[in-house]
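The values are calculated or read from the model by the stated rules, or taken from the named source; none is laboratory data. On a predicted model such as this, the values are computed, not experimentally measured, just so you know. Methodologically, a virtual Cβ is constructed for each residue, glycine included, from the backbone with ideal geometry; neighbour enumeration extends over all protein chains shown.
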Amino acid sequence: MSLPPPPSWLHPGLRLIEAERCAGWAEIAAQADAFEAAFRASGGRVVLPPQGVPALVAALVAAERAGVELHLSRRAMPAEAASEPGEPGFAVLLETSGTTGTPKLIRHDFQRLRGRLRGATDPDARWLLAYEPAAFAGLQVILTALAAGATLVSAPGAGAADLARLAVAHAVTHISATPSFWRAFLLALDGAAPPLAAITLGGEVADQPLLDRLAERFPTAKLRHIYASTEAGSLFAVGDGKAGFPAAWLDGGVDGVGLRVRDGVLEVNSPRAMLGLQIGREVGRDGAWLSTGDIVELRGDRALFAGRLDGRINVGGIKVSPEVVEQILLDVPGVRDALVEAAANPVTGHILTALVVPAPGVEEPALRAAIRAAVADLPPAARPRLVTMTGSIALGAAGKKTRKGTA
C-alpha cells in the first residue's frame, strides 16, 4: 500500500526524535489513519490528552481530514470534557497556561496558528522542543519544524538540565524557550555547547542582561525575542538585541498587528488572534482590540514591559509589581536568575521576598550588598524583605516561573 501524501503544512522529510526513537511521515501517517476513524465518529470534537509529539502531529493530520475540532489538553481530562463543538469544521482548541489565573480554553483557526510561520525548507535544522507540546508556543515550534522538514528533538517533562544534555548530544541548531528556561539552560551547560544558529525567547519578558549573555555565549546565532499569547496568537518578533520593542510600532503597527497603550496596558489588534473563548463571550474577532494585561512604559524610543496588571501585589495598601523588582535584581552583576513573589505578613498583608541564583564564583556578602544598593531607591513596599540564595529556581510545566501571592 502506497504512503499517502502529507498535508501541505507538513514536509515529508521531517524527523521526530523522542525518547531516542525516531519517527517520520510513515509512522505519523499510520497513526493518523488509526485516529481518523475515531475522530469521524466523535460528533465534532475530540480531546487529546497529553501525548508525545508524534501522536500529537498524527492527531492534527487526522482532525484536519475528519473536519473536527481538536482540543489539545495539557492535563488529563475526563471523557465527558468533549462537549459539543462551538462551530463545525477543523479548528484547534488550546488551553492557556493559567500562570495568571484560571486556564481558559481558546479556539483557533489552524491557518491563523500558522500565520507567522515563514520558514523555508531546512532539512539540516535540528530543533529542540523546550515547551509543552500542547501549549501555544510548543505547537508553534512543532509546526515550524514540520514545515521545514527539520529534525525535532523532544523529551516531554524533562527539565532544563536534561534538555541541555540532549541539545549537545543531538547538535541542536534551533531553540525557542522562555527566558527562565534560557537562564537555567546556560547554567546547565558544562563546557560543551550545541551549535546554535537561532535563539528565540518568548512567554516572559526578555531582560537585557540575559540577551547580552546569550549573544556573548552564541555570537553567531540569530537572536530574537517574540511576543505572543494563546489568545492573541503570534504577534511580533524583535531582533535588534534590545529588551522591549521600538516605540514607533505603537504608531504604525508591525507585521499586520496594531499596537496601542491604554491606561498603561498594551492592547493589540491582530489578524492571528483567537476565533473566540470556548466558554463565555467571544472576543478577538477581526477588527477587535484585545487587552494583553501587560503594562508598558515608554523610555525614549523604546517601549518596555513593566509587569502584568493582574500580577501586582498589595503591600500595606500599595500595589507593587514583583516583575519590575525582579528585573532590577536581574540587572545586578553576579545575579544569574531571580524570583520575586509575595509572602503573607500580619501587619502589611504581604511583603516581597526574593530567591536569587548567584553566578558561579560570586561571594554572597558582596552580592547581598549589591542587591541592597540596587533596590535602595525603590519605595519601601517594593523592597524584598527576605532574600534567599539558591542554586536554581523551579519552573512550571510551561517553562515559566510560578509566582504566588498576587493580590
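Structural remarks
- Residue match in region 186-197 (condition: in the same structural domain as Thr96 (by TED's automatic domain parsing), in contact with a helix residue (DSSP H, G or I) (Cβ under 7 Å, 6 or more places away or on another chain), within 21 Å of Ala228 (Cβ to Cβ) and buried (at least 21 other Cβ atoms within 10 Å of the Cβ)): no
- Matching entry among Val261, Val315, Val296 (being over 20 Å from the mean Cα position of the chain (by Cα), crowded, with 20+ Cβ neighbours inside 10 Å and either over 28 Å from Leu93 (Cβ atoms) or at pLDDT 95 or above (or both)): Val315
- Only one entry of Gly43, Gly89, Gly13 meets the criterion of being at pLDDT below 90, under 28 Å from the mean Cα position of the chain (by Cα) and part of a loop (DSSP other than H, G, I, E, B), and that entry is Gly89.
- Just one of the listed residues (Ser176, Ser234, Ser229, Ser180) is within 23 Å of Ile106 (Cβ to Cβ), free of Cβ contacts under 8 Å to residues at least 60 places away in the same chain and in the same structural domain as Ala148 (by TED's automatic domain parsing), namely Ser176.
- Subset of region 150-171 that is modelled with pLDDT of 95 or more and touching a Gly at 6+ places or on another chain (Cβ under 9 Å) - its residue that is nearest to Gly391 (Cα to Cα): Ser154
- Among the residues making up region 64-78, those that are farther than 17 Å from Leu113 by Cα and either at pLDDT 90 or above or of a type outside the set (D, E, K, R) (or both) are Arg65, Ala66, Ala76, Met77, Pro78.
- All positions within region 123-139 that are assigned to a strand (DSSP E or B) and either without any contact (Cβ under 8 Å) to a residue 40 or more places away in the chain or within 16 Å of the chain's Cα centre (by Cα) (or both): Trp127, Leu128, Leu129
- Counting the residues of region 140-159 that are assigned to a strand (DSSP E or B) and either touching a helix residue (DSSP H, G or I) at 6+ places or on another chain (Cβ under 6 Å) or not polar (S, T, N, Q) (or both) gives 3.
- Elements of type strands (runs of 3 or more DSSP E) in region 319-407, at least 3 residues being under 26 Å from the mean Cα position of the chain (by Cα) and either free of Cβ contacts under 8 Å to residues at least 24 places away in the same chain or not assigned by TED's automatic domain parsing to the domain that holds Ala76 (or both): 335-345, 349-358
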